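Enquirer: Sharing a structure below in structure tokens format, with a few things to ask.
The values are calculated or read from the model by the stated rules, or taken from the named source; none is laboratory data. Quantities reported herein were computed from a predicted structural model and do not represent experimental measurements. For neighbour counting, all protein chains shown are included, and Cβ atoms are generated from backbone atoms with ideal geometry for every residue, glycine included.
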Amino acid sequence: MESNRLELLLVEDNALHVRLMQAMLQHAWTNEPIYTHVDSVQAAVLALSHRRPDCVLLDLVVSDATGLEGLDTLRQVAPQLPIVVVSSTSDEEVAIEAIRRGAQDFLVKGDVTAEALYRSIRFAIERARYNTTHTAPTRPAPTRPTLRPVS
């Protein structure tokens, strides 16, 4: 992050949705985030090769990816980078699968508010930060109790 400003990568191919996201970002932050907008997953991959943002906002339907394939591609390129899916679909099964595949959150475009977007991005960044600095403790293999012979 430069000068304490949040850096976001917005992967969205609908100009109206881009403007709405920009308006929400301006409303939610006192220090507006720096964002890079791309309209395809391949453009996102290229952008990620030059600079790592703090978080990615990903639409699931863009010109070169439909469904979760874009998420899978970005997770392969940048596995530690927090990704928040912002999609038009409200299908809960798709949302759950996105989380299983590594998205930090799943927001429905028609339902999201500036405050919800703000919280989702902040929490996604903090979760990713925590996950990179803390590893889950490994539990020792359970030992079998020693059985005494029955007399």
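Enquirer: Answer yes or no: is there a residue in the range 120-129 that is in contact with a strand residue (DSSP E or B) (Cβ under 9 Å, 6 or more places away or on another chain) and of a type in the set (S, T, N, Q).
Expert: Checking the range 120-129: at least one residue is in contact with a strand residue (DSSP E or B) (Cβ under 9 Å, 6 or more places away or on another chain) and of a type in the set (S, T, N, Q).
Enquirer: Residues in the range 89-107 that are exposed (fewer than 15 other Cβ atoms within 10 Å of the Cβ) and in contact with a strand residue (DSSP E or B) (Cβ under 7 Å, 6 or more places away or on another chain): how many? Don't jump to the end; show me each part of the working.
Expert: The initial filter retains those residues of the range 89-107 that are exposed (fewer than 15 other Cβ atoms within 10 Å of the Cβ), namely 90-93, 96, 99-101.
Remaining after also requiring in contact with a strand residue (DSSP E or B) (Cβ under 7 Å, 6 or more places away or on another chain): 90, 99.
Of the residues in the range 89-107, 2 are exposed (fewer than 15 other Cβ atoms within 10 Å of the Cβ) and in contact with a strand residue (DSSP E or B) (Cβ under 7 Å, 6 or more places away or on another chain).
Enquirer: For residues in the range 122-146 being in a loop (DSSP other than H, G, I, E, B) and among the hydrophobic types (A, V, I, L, M, F, W, C), which is modelled with the highest pLDDT?
Expert: Step by step, filter the range 122-146, then rank; the result is A136.
Enquirer: Identify the residue in the range 63-100 that is assigned to a loop (DSSP other than H, G, I, E, B) and within 18 Å of F123 (Cβ to Cβ) and, among all such residues, is nearest to the chain's Cα centre (by Cα). Quick ask: steps written out before the conclusion?
Expert: Of all residues in the range 63-100, those assigned to a loop (DSSP other than H, G, I, E, B) come to 63-64, 67-68, 78-82, 88-91.
Remaining after also requiring within 18 Å of F123 (Cβ to Cβ): 80-82.
Values: Q80: 10, L81: 7, P82: 4 Å.
For the range 63-100, the residue satisfying everything is P82.
Enquirer: Might you check whether a residue that is closer than 18 Å to E126 by Cα and of a type outside the set (F, W, Y) occurs anywhere in the range 37-52?
Expert: Yes - at least one qualifying residue is present in the range 37-52.
Enquirer: Return the residue satisfying two criteria in turn: it lies in the range 2-29 and is of a type outside the set (D, E, K, R), over 19 Å from V108 (Cβ atoms) and surrounded by 15 or more Cβ atoms within 10 Å (Cβ to Cβ), and of such residues it is nearest to the chain's Cα centre (by Cα).
Expert: Applying the first criterion (of a type outside the set (D, E, K, R)) to the range 2-29 yields 3-4, 6, 8-11, 14-18, 20-29.
Filter again for over 19 Å from V108 (Cβ atoms), leaving 3-4, 6, 9, 15, 26, 29.
If we keep only those that are surrounded by 15 or more Cβ atoms within 10 Å (Cβ to Cβ) as well, we get 6, 9, 29.
On the way: L6: 14, L9: 10, W29: 18 Å.
Here the residue is L9.
Enquirer: Just to be sure I understand, how many residues within the range 39-61 are outside any loop (DSSP other than H, G, I, E, B), within 23 Å of L16 (Cβ to Cβ) and at pLDDT 95 or above?
Expert: Total satisfying the criteria: 9.
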